[in-house]
Amino acid sequence: FNGFTWNNSIIELHKSENVGKYNSNFYKRLAYDEILASFLVHSEIRKKIKRIKKQKKFFDLNEQNRILSRLEFNLTNDQLKSIHEINLDLASNQKMFRLLQGDVGSGKTIVALLAAHNAVKSGFQVAIMAPTEILARQHYKQAKEIFDKNIKTEILSSKSELKDKKIIANKLANNELDLIFGTHAIFQNKIQFKNLGLIIIDEQHKFGVNQRKKLSDK
């Protein structure tokens, strides 16, 4: 980086004449530092998570395949590989820590919903958190369309009526709800789960570390 330290790079970044110079060495230095820091942090988190043992989840892949057969499209090889690897993690005694990455429209949601379905069929509750109510409702709507009616699903957001929030909170605490979709309202202290077994966070970079930890602590 031609001798650019982190400190010098920060100074250069704040100079008005350097606005938009994304290919400059000082900008590359800061980008590298951010990537390296993220890698190191997640590496340490992964090490800690791997030491945590969890209950193995048991589910019937025939039920998953019945959902796939009802879809109007076929899953790609990458989607099938992703759900297979996720299923292996669900069935293991090690805590799962995965990032499902892909372009808009690449089918991340269906993979996430299949994982949620398999966790529910194993007797666990699932929380799916999205950064906006619109996204949460889209996922909720898709789940209602493809899942069996015996999977009890609700949606929770900061805009939900107070009486609805109380009803949903009671259902979650008493294991009367299998799958909850929502925004940051899900990780509030009032929301407690009876048997939470899987957390899925859409666009996880839009949530802070402490926010995600609050949900995982449940």
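The values are calculated or read from the model by the stated rules, or taken from the named source; none is laboratory data. Keep in mind the model is a prediction, meaning the values are calculated, not measured. Glycine also receives a Cβ, built like all others from the backbone with ideal geometry; neighbour counts cover every protein chain displayed. The accessibility values were calculated without ligands, DNA or RNA, using every heavy atom of the protein model including side chains. Shrake-Rupley method; radii C 1.70, N 1.55, O 1.52, S 1.80 Å.
Checked against the criterion of being farther than 21 Å from residue 120 by Cα and over 18 Å from the mean Cα position of the chain (by Cα), segment 55-73 contains one or more residues that satisfy it.
Residue 73 fulfils the conditions (1) over 30 Å from residue 216 (Cα atoms); (2) free of Cβ contacts under 8 Å to residues at least 60 places away in the same chain; (3) of a type in the set (A, V, I, L, M, F, W, C); (4) open to solvent by less than 50 Å² (accessible area, probe 1.4 Å) except for a single criterion, (4). Given the condition under 30 Å from residue 139 (Cβ atoms), open to solvent by 70 Å² or more (accessible area, probe 1.4 Å) and of a type in the set (D, E, K, R), answer yes or no: does some residue in segment 23-30 qualify? Within segment 23-30, not a single residue is under 30 Å from residue 139 (Cβ atoms), open to solvent by 70 Å² or more (accessible area, probe 1.4 Å) and of a type in the set (D, E, K, R). Count of segment 110-132 residues, restricted to those that are open to solvent by 40 Å² or more (accessible area, probe 1.4 Å) and without any contact (Cβ under 8 Å) to a residue 60 or more places away in the chain, is 1.
Among residues of segment 168-196 that are in contact (Cβ under 8 Å) with a residue 12 or more places away in the chain and within 17 Å of residue 157 (Cβ to Cβ), those with a beta-carbon under 7 Å from a residue that is among the polar types (S, T, N, Q) and assigned to a helix (DSSP H, G or I) at least six positions away or on a different chain give the pairs 184/211; 187/211.
Can you say whether residue 178 is acidic (Asp, Glu), touching a helix residue (DSSP H, G or I) at 6+ places or on another chain (Cβ under 9 Å), surrounded by 13 or more Cβ atoms within 10 Å (Cβ to Cβ) and closer than 19 Å to residue 67 by Cβ, as far as the supplied structure shows?
Working: acidic (Asp, Glu): yes; touching a helix residue (DSSP H, G or I) at 6+ places or on another chain (Cβ under 9 Å): yes; surrounded by 13 or more Cβ atoms within 10 Å (Cβ to Cβ): yes; closer than 19 Å to residue 67 by Cβ: yes.
Considered against the rule, which asks whether it is acidic (Asp, Glu), touching a helix residue (DSSP H, G or I) at 6+ places or on another chain (Cβ under 9 Å), surrounded by 13 or more Cβ atoms within 10 Å (Cβ to Cβ) and closer than 19 Å to residue 67 by Cβ, residue 178 comes out as yes.
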